[in-house]
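Structure record follows, encoded as structure tokens.
Read the figures in this text as sums done on the coordinates, not as results from a lab. Computed from a predicted model, the values in this text were never measured in an experiment. Backbone-built Cβ (ideal geometry, glycine too); neighbour counts: all protein chains shown.
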């Protein structure tokens, strides 16, 4: 009986998980294309020649993404043998890109985003049932320039 | 209130430094949300309840920091940093700190 439940969880996890991941990646790529006009940098000063800065403010974006059951089992097996855990690599990649996108979406009219910092937090850590999820908080400073290019 | 995470505010001059201000919060969601999150965990994908929790606690910490800066008579906070820790399971702990300054 327990084995049947385990197989059911594994298959639902596999199908829904890979479907959700594909959908998520597609939307991330689409939106990244859309926000190409808003460059983000982790340097402290704005890059390139810009007009005088009119305003600057703090912007943030956050997301919590979890991995599906199938991949968690796979990761468990993998950590026994050692090596790259690819299922978690895509998870953190998705989470970081999504957080940066949400940050960009909160300030669509900015000229540049500077001093980007990414912080990973842990909400579910230490829970009895270990939840394979990642919580990412991205923050930076959005700068708005005067219209005329200098 | 101007808030940035750069060392200066571009386009403005810092005249007086008031000192470090900080705000922190530990927030948790009700058990229903936790159960929903563990169900969602089978399928994978975004845990919307926890995303909400994270942004709520961020806002709470920020407003506490702003309150403190206001009391000090500052009108801007520069060099803001977020930091996270884990005190309890199912709770988000966010600590935000920065330097309160006066700009003109």
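Working ranking of peptides A:136-145, B:71-80 by packing, defined as the average number of other Cβ atoms within 10 Å per residue, highest first, is A:136-145, B:71-80.
You can think of it this way: the chain between residue B:31 and residue B:86 has 18.0 nm of extra reach, that is 0.36 nm per residue less the Cα-Cα gap. For the peptide B:71-80, the mean number of other protein chain Cβ atoms found within 10 angstrom of a residue's Cβ is 1.
Centre-to-centre, using Cα atoms only, region A:75-95 and region B:1-68 are separated by 28 Å. For region B:47-104, the Cα gyration tensor yields ellipsoid semi-axes of 27, 11, 9 Å (square root of five times each eigenvalue, largest first, whole Å). For the peptide A:134-143, the mean number of other protein chain Cβ atoms found within 10 angstrom of a residue's Cβ is 4. Stokes-Einstein at 20 °C, 1.002 mPa s, Kirkwood radius from Cα pairs: D for chain B in µm² s⁻¹? Approximately 142 µm²/s, per Stokes-Einstein. With all pairs of different C-alpha atoms in the average, the Kirkwood value for the hydrodynamic radius of region A:2-145 is 17.2 Å.
Based on Cα contacts under 8 Å between residues 6+ apart, region B:2-103 shows a relative contact order of 47 percent.
Express in nm, to one decimal, how much length is gained between residue A:29 and residue A:3 on full extension, taking 0.36 nm for each residue of separation and deducting their alpha carbon distance.
Values: separation 26, 0.36 × 26 = 9.36 nm, distance 3.83 nm.
Net length gain for the segment: 5.5 nm.
With contacts taken as Cα pairs under 8 Å and at least 6 residues apart, region B:17-66 reaches a relative contact order of 61 percent. Each of the peptides B:91-102, A:78-89, A:13-24 was scored by the mean count of other Cβ atoms within 10 Å over its residues; in descending order, highest first, they stand as B:91-102, A:13-24, A:78-89. The slack in the chain from residue A:84 to residue A:105, taken as 0.36 nm per residue of separation less the alpha-carbon distance, amounts to 4.3 nm. Each Cα pair under 8 Å and six or more residues apart adds its sequence gap; the mean of these over the residue count of chain A is a relative contact order of 36 percent.
Principal axis analysis of the Cα atoms in the protein assembly as shown yields extents of 71, 39, 32 Å, listed in decreasing size.
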